[in-house]
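Shown next, in structure tokens, is the structure this report addresses.
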Amino acid sequence: MAAAVINAYDVALLLLERGADFRLEDRKSRTVQDIMIATPIDTDTEMYRLKLKVESRIQGGTEEDDTE
């Protein structure tokens, strides 16, 4: 949760890969996905690409995308 709040999507992805429960809510009843939706990021950045990977993981997908 804290990783998403500070836009540390690399950390959030690692935690999700290790089994973190993305359904947990903070004191304001927000989930990681709620926080990510509310946080705009420039689409031309590496952080945005990581955000997309986190979203894919949350939605049940796997990120086999190694196109760098």
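FYI, it's all coordinate maths here, none of it is from the lab. Please read all numbers here as calculations on a predicted model, not as lab measurements. Here the Cβ is made from the backbone with ideal geometry for all residues, glycine too, and neighbour counts use every protein chain on show.
Charges were assigned to the Cβ only: +1 to each Lys and Arg, -1 to each Asp and Glu. The resulting dipole of segment 2-58 about its Cα centre is roughly 180 debye. Below 10 angstrom from the Cβ of residue 43, what's the summed charge of the other residues (Lys, Arg +1; Asp, Glu -1)? Charge balance in the 10 Å sphere: 0. Pairwise inverse Cα distances across segment 2-58, averaged and inverted, put the Kirkwood hydrodynamic radius at 11.3 Å.
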